[in-house]
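Before any comments, here is the structure.
The values are calculated or read from the model by the stated rules, or taken from the named source; none is laboratory data. Just so you know, these numbers come straight off a predicted model, no measurement behind them. Cβ placement follows ideal geometry from the backbone for every residue including glycine, while neighbour counts extend to all protein chains displayed. When the accessible area is computed, the model is the full protein with side chains, heavy atoms only, and any ligands, DNA or RNA have been set aside. Shrake-Rupley method; radii C 1.70, N 1.55, O 1.52, S 1.80 Å.
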Amino acid sequence: MLTVLHTLICPEADIEHCAEMYFRGGMPDMEASGAGFSLPDNVLLSADTFYNGLSVGKWKSLGTINSLSLMLRVRGQLVLELWHHAADGASSCLQTHEFEEPQARTHVLPVPEWSGMAEGMLSLRLKGKKQAVVEQLCFATDAPPLIQPKLGVVITHFNRVAYVTRSIARVRQTLLSDPQYQQVIDFIVVDNSDTLDPTELKGAQIIPNQNYGGSGGFARGLLYLKDQSTYTHCLFMDDDISCEVESIRRAYAVLSYSPDPKIGLAGVLLDAQKPWSVQEKGAEFHQGLFRPLHQNEEVRSVPSLLALEKDKGNPVYGGWWFFAFRLDAVDYYPFPFFVRGDDALFGLINRFNVFTLNGIACFSDHFLSKETAFTRYLGFRASLAVFLMEGGGSVTAALKLLSASFLWCALSYRYQSAKAITLALRDVSKGVSFWRRTLTYPPSLKEIDREQSRAEEAAYFTAHSFVEKAGSESRFRKMARAVTLNGHLLPDACMRKAPVYVGEYTPGLLSSVFLRQRIIYRKYETQSVFEEQLNRKTFWANVWAFAWYAVWFAVRFRALAREYRVNAKQLCSEHFWRSVYAQKKP
């Protein structure tokens, strides 16, 4: 009895992709029936790619897969080669097979070389000779699974009806219709906006819910899985499920063969605008900051794929766009952050052993393209709360982190973002009781003016010269910027009236905006812009407010840190969330 670990795929419709993430040399044609793909005659296709190459070291690290076979169902004439790409760059052909099948026929080809492998990547090369059709092509094992997981996929939804409806329909068609998964994978959609029609989401369990953000939605999902008493594992996912369904199948296989009770399987997050670029493949925590690992690495070349699977840093969490774990490994539920930071703290305090694998991934617009004053407030208050909860940091380190970000925003005229950081500092300094009182939409967001961005046509960016990188700068100019607080101490007569056009995260940003009255910012990787203007009154109001709350925080730091270390985890308990939902029924 063979268990499928890894099936070769072509890109699904509506999924961001580039061809080199699937095949090189061309792309097979999907069969109209949906059963496999056809190969062009006399064209060599190589599957040494992000989605179709098999990562030897990661599968081997599970310690339970002691055999491997190729299983394929083909018709027509074709040649298949099995290749191994070693970590040192050497490549070798392990097997070659020729097929001539008038009717579809299944073949099982053992890979005896598997027992001697420890690293690298296995891949296939395919060459159609005549009317070649591949109905199935996968790596499989006859090693018995350690467990048959009952997996609950929990999706928190808020006002994205079209996304989640389309996504569930796609999953129902390609996964839930497969008898192999019908009884072992269920989808649970926690509807925080109470806007979903269950008749339009057949195949999913809909749970109407009070809007306590992502934290509350995923906590409600965990409570549901536990109350059913049949689920063994959970997979958190975003409500647009922007991933290949094969990622879910592979995750299920990893969970089936993993002996680690604390495994936390984290999907790779790719950039929707540049699908070959990694935003995050696990993340580490250091002095109050969560740092994404493998950021900006690319997934197109074989050397890059081999490097991407090497351990890097000390990953402690996976984002909830795709994060799977055992239910009996959960010691703490999500902290009520509403949004931002909840997934990071959940991984950190549950001490999951984070596992990532090429070919298990999701897509999202880049973090920076979604950054606003609102998200800065939410992100900084979460980071500061985690900093206090986990200890190990000084008040100097905390204020250094906040001050650098505050000044970067304030000196570049993004005063609402600077205010957001101040409000985050103020609210976290109120202690753990603050979080108990603000489970729903954070009241402080009402104190922040929403960014007024507008979409522009491509011609706009051609007509206006946007600064991509600040030019070289003399020592005198650097000193002048520092002494004048990037122009805030200079009179209007010194400021140029014509606006400068600049990317929001352009290197040398403060230099680019110096001596300008008006700034036109371009959002990262988008065609949206927003405008900011020099305002000395607002600048100084922000500076004094930040200074006041920084002093307050410093004076209270020891008591505050002790309070968070002792009491904050009470808000991460199952008892806490059950009491929340017992008091307020949706």
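Of all residues in the range 509-529, those satisfying the criterion of being in contact with an Asp or Glu (Cβ under 9 Å, 6 or more places away or on another chain) and either polar (S, T, N, Q) or open to solvent by 40 Å² or more (accessible area, probe 1.4 Å) (or both) are S511, Q517, R518, R522, Y524, E525, T526, Q527, S528.
Of all residues in the range 496-508, those being open to solvent by 40 Å² or more (accessible area, probe 1.4 Å) and in contact (Cβ under 8 Å) with a residue 40 or more places away in the chain number 1.
Going through the range 220-238 one residue at a time, which ones are open to solvent by 10 Å² or more (accessible area, probe 1.4 Å) and either within 13 Å of the chain's Cα centre (by Cα) or of a type in the set (D, E) (or both)? The answer is D227, D238.
Out of everything in the range 124-176 that is polar (S, T, N, Q) and closer than 26 Å to F50 by Cα, what residue ends up being modelled with the highest pLDDT? Talk me through it step by step, then tell me what you get.
The initial filter retains those residues of the range 124-176 that are polar (S, T, N, Q), namely 131, 136, 141, 148, 156, 159, 165, 167, 173-174.
Keeping just the survivors that are closer than 26 Å to F50 by Cα gives 136, 141, 167, 173-174.
Numbers: Q136: 94, T141: 98, S167: 85, Q173: 83, T174: 86.
Restricting to residues being polar (S, T, N, Q) and closer than 26 Å to F50 by Cα, the top hit is T141.
Taking the criterion of being free of Cβ contacts under 8 Å to residues at least 60 places away in the same chain and at negative phi, the residues of the range 147-174 that qualify are V161, A162, T165, A169, R172, Q173. Which members of the range 273-290 meet the condition of being modelled with pLDDT of 90 or more and either open to solvent by 70 Å² or more (accessible area, probe 1.4 Å) or not in a strand (DSSP E or B) (or both)? Result: Q273, K274, P275, W276, K281, G282. Evaluating F539 against the criteria (1) open to solvent by less than 10 Å² (accessible area, probe 1.4 Å); (2) of a type outside the set (S, T, N, Q); (3) under 34 Å from the mean Cα position of the chain (by Cα) leaves one unmet condition, (3). For the range 424-472, residues that are among the aliphatic types (A, V, I, L, M) and either assigned to a helix (DSSP H, G or I) or loosely packed, with under 10 Cβ neighbours inside 10 Å (or both) total 8.
Please tell me if L489 is out of contact with any strand residue (DSSP E or B) (no Cβ under 6 Å at 6 or more places or on another chain), part of a loop (DSSP other than H, G, I, E, B) and open to solvent by 60 Å² or more (accessible area, probe 1.4 Å). So L489 passes the test. Would the range 214-229 turn up any residue that is of a type in the set (G, A, S), within 22 Å of D342 (Cβ to Cβ) and touching a Leu at 6+ places or on another chain (Cβ under 8 Å)? Looking for residues that are of a type in the set (G, A, S), within 22 Å of D342 (Cβ to Cβ) and touching a Leu at 6+ places or on another chain (Cβ under 8 Å), one finds at least one in the range 214-229, hence yes.
Across the range 482-493, what is the total count of residues that are of a type outside the set (G, A, S) and more than 19 Å from T538 (Cβ to Cβ)? Walk me through how you get there before you give the answer.
Filtering the range 482-493 for residues of a type outside the set (G, A, S) gives 483-486, 488-492.
Narrowing the set further to residues that are more than 19 Å from T538 (Cβ to Cβ) leaves 483.
So the answer is 1.
Screening the candidates Q131, Q148, Q205 for the property of being crowded, with 16+ Cβ neighbours inside 10 Å and either over 30 Å from A87 (Cβ atoms) or touching a Phe, Trp or Tyr at 6+ places or on another chain (Cβ under 7 Å) (or both) yields one hit, Q205.
Name every residue in the range 89-106 that is surrounded by 12 or more Cβ atoms within 10 Å (Cβ to Cβ) and either within 40 Å of the chain's Cα centre (by Cα) or hydroxyl-bearing (S, T, Y) (or both), in order of residue number. Steps first, please.
Step one: list which residues in the range 89-106 are surrounded by 12 or more Cβ atoms within 10 Å (Cβ to Cβ), which gives 91, 94-95, 97, 99-101, 104-105.
Selection gives S91, L94, Q95, H97, A104, R105.
Taking the stated definitions as given, is G76 closer than 30 Å to P208 by Cα, of a type in the set (G, A, S) and touching a strand residue (DSSP E or B) at 6+ places or on another chain (Cβ under 9 Å)? The answer is no for G76. Among helices (runs of 4 or more DSSP H) entirely within the range 298-410, having at least 3 residues that are within 21 Å of the chain's Cα centre (by Cα) and more than 30 Å from S528 (Cα to Cα) singles out 302-308, 342-350. Annotation note: Cβ proximity below 8 Å between a residue of the range 393-416 that is touching a residue at least 24 places away in the same chain (Cβ under 8 Å) and a residue that is among the acidic types (D, E) (sequence gap 6+ or interchain) occurs for S412/E532; Y413/E532; R414/E532; Y415/E532; Q416/D449; Q416/E451.
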